[in-house]
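A.B. asks: A single structure is presented below for examination.
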Amino acid sequence: MITTEFYLIHVDPETAVKRDFTPTTYNRKAENAQTRLRNERFPDFEPHFSDLLLNTENLTDFIADGGAISGSGFLVSGRVKRIFEGTGAQNIKFYPLVLRRSREGDKQADLPLMTSDVSYMQIVWPPLSEWIDFKKSAFERINRDDNTRAPLALKDGTELLHCISSLTWPTGIGAITLTMTVPSLRAASILNLMPIQIRGFNWVIISAAVKEQLEKENISGYTLLPITELEVSF
């Protein structure tokens, strides 16, 4: 068993710079739009992202997306990109973005360019059906309207994926305990389990090693929550 800690990571709503808005000229319904990204896999097309409009020059390393991009991921600085690239994780992909300095009340895209290095880091599922030990894991069905919970029996990955695909509001899936067998510790550096919740959150998970690197580099704009619900072995 790997003796390491894991943490839920989230963009800090109090300190992170926020995307101002999506340009009115951007076509959210296009076949290659940023709204077409998914949790399950990387796209089989080259995504076209809207310009990132920010009403500040003092950027944080994590930037709040405000739900403009589908799937799971983060708007990150070049410093964060280098940290996650250094993990060798295979479930992440980076897309460079065009930054523009927005002005209050101006909803157009032809705004002054900014030179900061920011990318969208897409995080897709690990092979859930292969990695999760269902005999040692426990799940629950959550009603997100009133937060009531009931045991949810899942015997294998097929049942899990079927349950995920059939979810309708207000039903959610929670992991009481989650045991995973992974090829290496690096493979568990960053995990997207969306829509499986841990402690009621749909946040991304990082390993202690990544946490240490973020702290070492004094990365800004994120918050962490330690968890004990995840056990990993290889």
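None of the figures in this text is laboratory data; all of them are computed from the coordinates on show. Everything numeric in this text was worked out from a predicted model, so none of it was measured. Cβ: placed from backbone, ideal geometry, glycine included. Neighbour counts: every protein chain shown.
A.B. asks: All other residues with a Cβ under 14 Å from the Cβ of V118 taken together, and with Lys, Arg as +1 and Asp, Glu as -1, what is their net charge?
C.D. replies: Summing Lys and Arg as +1 and Asp and Glu as -1 gives +1.
A.B. asks: Using DSSP to call loops (not H, G, I, E or B), can you name the GluC sites (Glu not before Pro) in the range 127-234 whose Cβ has at most 16 other Cβ atoms within 10 angstrom?
C.D. replies: Answer by residue number: E217.
A.B. asks: Which lysines, on any chain, are close to K211 with Cα under 23 Å apart, when same-chain ones fewer than 8 places away are left out?
C.D. replies: Answer for K211, where 23 Å is the Cα cut-off: K18, K81, K93, listed by chain and number.
A.B. asks: Could you work out how much longer the chain between T4 and T223 gets when fully extended? Use 0.36 nm per residue separation minus the Cα distance between them, nm to one decimal.
C.D. replies: 76.9 nm
A.B. asks: Can you give the extra length, in nm with one decimal, that the chain gains between D145 and K29 once fully stretched, where that is 0.36 nm per residue apart less the Cα-Cα distance?
C.D. replies: That pair, D145 and K29, stretches by 38.8 nm at full extension.
A.B. asks: Multiply the residue gap between A209 and R101 by 0.36 nm, knock off their C-alpha separation, and tell me the result in nm, one decimal place.
C.D. replies: So the chain would gain 35.4 nm between A209 and R101.
A.B. asks: Rounded to the nearest 0.05, what FRET efficiency do E57 and R186 give with R0 = 41 Å and r taken as the Cβ-Cβ distance? Could you check?
C.D. replies: The value I calculate is 0.70.
A.B. asks: Report the paramagnetic label zone for T171: residues of the range 115-143 whose backbone N is under 20 Å from a point 7 Å from Cα along the Cα-to-Cβ axis.
C.D. replies: Output list for this probe position: 129, 138-143.
A.B. asks: What stretch of the chain, leaving out the sites themselves, is the longest with no trypsin sites (Lys or Arg not before Pro) in a DSSP loop having at most 15 other Cβ atoms within 10 Å?
C.D. replies: 42-102
A.B. asks: How many nm separate the modelled label positions at F94 and R38, each set 7 Å beyond the Cα in the direction of the Cβ?
C.D. replies: Spacing of the two 7 Å Cα→Cβ label points: 2.6 nm.
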